[in-house]
Amino acid sequence: MKISVIYVSQTGRTEEAAEYIQDGILARYPFAQVKLMNVREEEADLDFLAQSEAVIFGSPVYFSSMSWELKKWFDHSFRIDLKGKLGAAFVTAQSPTGGVDTAIMEILRHMLVKGMLIFSGMGESAAHKFQIGAIGIGKEVEKFAGQFEEFGENVAQTTIKLFEK
Ligand SMILES: Cc1cc2nc3c(=O)[nH]c(=O)nc-3n(C[C@H](O)[C@H](O)[C@H](O)COP(=O)(O)O)c2cc1C
């Protein structure tokens with residue numbers, strides 16, 4: 001199982017969240033291959049992306065939307081085929097009312113246009129969490145570590161259910 005995490009991070013919070021997601025996947029599924037790609041700083045690994053069954057997108061919230069760098073990545077992604085892959089989204093923000101839902105929905109809409117299968121990250125035992133995606137609020141992202149880890153684990157679990165025969 002390969003899972004790509006495509007994200008943008010300027011001051012490190014979304015990157016920290018991505019690392020917790022990776023930890024959550026690997027803790028439960030140590031055979032998984034997870035690649036974190038900060039597309040603000042590097043090109044995505046297109047071979048790994050093509051081989052990934054799931055792609056998790058992450059962004060800081062900017063003006064209640066995804067960051068312009070992630071939007072730019074989507075806008076330049078015409079030739080990157082993500083059809084049929086499982087997709088999920090997470091964001092970090094300064095405020096719980098700063099637009100986390102609208103930013104996640106914006107990312108999910110872009111995934112739909114790419115033909116992806118959308119997953120909230122919801123787990124079997126935690127129906128109240130991750131109703132549309134995962135969030136971290138404020139400077140101390142580590143407060144949300146457990147939630148990001150669980151989100152990653154749930155995405156991996158659903159990836160296996162869908163793709164492993
Ligand atoms: C240009 C800009 C716009 C922002 N707009 C919002 C916003 O609308 N709502 C919010 O809650 N936080 C907003 N923030 C705060 C960031 O979303 C937050 O600090 C985020 O965790 C930063 O992620 P990073 O450390 O991965 O770059 C904004 C930050 C910047 C730089």
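Assorted remarks:
- FRET efficiency for the pair residue 28 and residue 129, taken as 1/(1 + (r/R0)^6) with r the Cβ-Cβ distance and R0 = 22 Å, rounds to 0.85.
- Mean residue ellipticity at 222 nm, helices only, the chain: -12000 deg cm²/dmol; runs of at least 4 DSSP H residues each add -39,500 (n - 2.57), and the sum is divided by the number of residues.
- Electrostatic dipole magnitude of the chain [Cβ: Lys, Arg +1; Asp, Glu -1; Cα centre; debye, to 20]: 480
- The GNM of the chain, with springs linking C-alpha atoms under 10 angstrom apart, assigns the highest mean-square fluctuation among 59, 120, 95 to 95.
- Average accessible surface area per residue within the chain, 1.4 Å rolling probe, Å²: 50
- The chain, accessible surface, carbon-and-sulfur percent (1.4 angstrom probe): 51
- When the chain is treated as a GNM with alpha-carbon contacts under 10 Å, the residue of 25, 104, 137 showing the greatest mean-square fluctuation is 137.
- FRET efficiency estimate (nearest 0.05) - Cβ-Cβ, residue 35 to residue 63, R0 30 angstrom: 0.55
- Contour excess over end-to-end distance, with Cα ends at residue 79 and residue 51 and 0.36 nm allotted per residue: 8.6 nm
The values are calculated or read from the model by the stated rules, or taken from the named source; none is laboratory data. Everything numeric here is computed off the predicted structure, so don't read it as measured data. Positions of Cβ are generated from backbone atoms using ideal geometry, with glycine treated the same way; all protein chains shown enter the neighbour counts. Areas reflect the complete protein model, heavy atoms only, side chains present, ligands, DNA and RNA absent. Shrake-Rupley method; radii C 1.70, N 1.55, O 1.52, S 1.80 Å.
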